């Protein structure tokens, strides 16, 4: 409903503006700068500059106390690939691969769970939909750490769920499902569900049912109808959701730290460690650089999809 | 295939999902009332952990810090973000692609990169000049930087939903810039501004990683306190604080929903 109105008003606005270019306030540019500059300056100074600084650190030398020193090198990247004083060790690479694997796994699970949910919400009565969306989103408004505590309680040794898993022979008796890689994936899926449901909801809401009817008329079975008539239409939402889930999941810090043991460390934890105990800022920055690159690639995809989705603002909230 | 069976399956899945989403929060709340110190066995109802909470100076101080941080940053972010959202709307026909990039960057960037880049940036500046020492000040700066895009997008989406003819009407009535802002834009956006304040507030309360890295020794907030408590082993006291925080978020959700329904009801009344 707001979307049709949106298209209409945008058209009207565009023609009107081109008809009478001089009717607006004299200082167009000044006005633009006055309204956007506080926000732009804030983000540039306190986010873009620090990120650029971090990227520079990645190419600097590790000095005493982990603070970066001047000669620019690629040492940090070599170290990230596993080359240290003691020769090559695969530890860091394992962490990197594990991060990618956990991200892929949890993103796939999120898709499988969010897809039907988003569809179900669109089919509900209009008056119920905001309430249902809110029901999906509200848990993600609580603090990450608190959500992790919830899963720690549920999966800890001696809890009913752990006992059930033990009696089924999935884990040794007296053990808990936490800390483990399993707990990390559960935590990631739990954390990022809403980020997939919302963009999917946005595309399902605009779903063109005529295409589905056409596929049915052509005697396509449910699977082929889905593949040819539903899936292509929801692809922009699916991709936007995948970016919104996988990028933050790839850099996740809290969940592996709390729900996983040392063997479930992800890239985020490796990076954080370099700025705390291990004190090797360049190495940490090199890890962060990988995440920044992934972020920018994700943004690229998101921008493309945003255009296709139209009201892209709705997608992120 | 029967569509009724399909629909029933979907509904069952929806309830399973709701259970999945709320079970962890419910468990935290449940164990906060546990009379013994265990996160696996529930022995009986008691309020002793809450009593302990309110007599603990450190926790009260952390609560006070969290509140100061959330309120200060949300006020700043609401003002700046509203202006930004308004600018994005007014000049949306211009080529402002870079602006969209800039607005999305904080939303997509992983928390850890965010926190660490700001931490190393502020640390280096304070080592050199003594300004920007890590503490509540740097935390407010960091929080504002991730709240602004959300506020801007929310305001933008509300403005897009308006009839552009209204802006034209203002112009035709010879409203000056400030009159248009004061008599039309601000009143129209009031629900959106209020809900974006609450959104910014919950974002601030929800954040842990960025706060953790930009905080100093004196600026322990509730999530940071909880974090260090868990690192020492979960105490039921932590469940009690967590429950109160969950309660606060639910209250915010109800307020947000109320505003949404008020907004939805308004155009319908006008029709």
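Within the option set B:201, B:167, being within 30 Å of residue A:275 (Cα to Cα) and either within 11 Å of chain A (Cβ to nearest Cβ) or not in a helix (DSSP H, G or I) (or both) holds for one residue only, B:201. For region A:45-64, a residue qualifies if it is assigned to a helix (DSSP H, G or I) and buried (at least 16 other Cβ atoms within 10 Å of the Cβ), and the qualifying residues are A:46, A:47, A:48, A:50, A:51, A:53, A:54, A:55, A:57. One residue stands out in region A:260-282 among those that are closer than 19 Å to residue A:146 by Cα and more than 11 Å from every other protein chain (Cβ to nearest Cβ): the one that is nearest to the chain's Cα centre (by Cα), namely A:260.
Of all residues in region B:205-227, those being modelled with pLDDT of 90 or more and part of a helix (DSSP H, G or I) number 12. Within 28 Å of the chain's Cα centre (by Cα), surrounded by 14 or more Cβ atoms within 10 Å (Cβ to Cβ), closer than 30 Å to residue A:113 by Cβ and touching a residue at least 24 places away in the same chain (Cβ under 8 Å): does that describe residue B:25? It is true that residue B:25 is within 28 Å of the chain's Cα centre (by Cα), surrounded by 14 or more Cβ atoms within 10 Å (Cβ to Cβ), closer than 30 Å to residue A:113 by Cβ and touching a residue at least 24 places away in the same chain (Cβ under 8 Å). Of everything in region B:55-68 that is exposed (fewer than 12 other Cβ atoms within 10 Å of the Cβ) and without any contact (Cβ under 8 Å) to a residue 40 or more places away in the chain, the residue that is farthest from residue B:137 (Cα to Cα) is B:55.
Applying the condition of being over 22 Å from residue A:271 (Cα atoms) and buried (at least 23 other Cβ atoms within 10 Å of the Cβ) to region B:227-251 and asking which residue is nearest to the chain's Cα centre (by Cα) yields B:246.
Residues in region A:158-181 that are assigned to a helix (DSSP H, G or I) and either more than 16 Å from residue A:148 (Cβ to Cβ) or out of contact with any helix residue (DSSP H, G or I) (no Cβ under 8 Å at 6 or more places or on another chain) (or both): A:160, A:162, A:163, A:164, A:165, A:166, A:167. Quick one: which residue in A:286, A:240 is part of a helix (DSSP H, G or I) and closer than 25 Å to residue A:113 by Cα? Of the residues listed, the single one that is part of a helix (DSSP H, G or I) and closer than 25 Å to residue A:113 by Cα is A:240.
In the set A:279, A:246, which member is over 13 Å from residue A:95 (Cβ atoms) and outside any helix (DSSP H, G or I)?
A:279
Counting only residues that are at the interface with chain A (Cβ under 9 Å from one of its Cβ atoms), at pLDDT below 80 and surrounded by 14 or more Cβ atoms within 10 Å (Cβ to Cβ), region B:28-52 holds 3 of them.
Of everything in region A:108-129 that is within 14 Å of chain B (Cβ to nearest Cβ) and closer than 27 Å to residue A:256 by Cα, the residue that is surrounded by the fewest Cβ atoms within 10 Å (Cβ to Cβ) is A:112.
Assess whether residue A:136 counts as being at the interface with another protein chain (Cβ under 8 Å from one of its Cβ atoms), under 17 Å from the mean Cα position of the chain (by Cα) and modelled with pLDDT of 90 or more. The answer is yes for residue A:136.
The values are calculated or read from the model by the stated rules, or taken from the named source; none is laboratory data. The shown structure was predicted, so the numbers you read here are calculated from the model rather than taken from an experiment. As a convention, Cβ positions derive from the backbone with ideal geometry for all residues, glycine included, and neighbour counts pool all protein chains shown.
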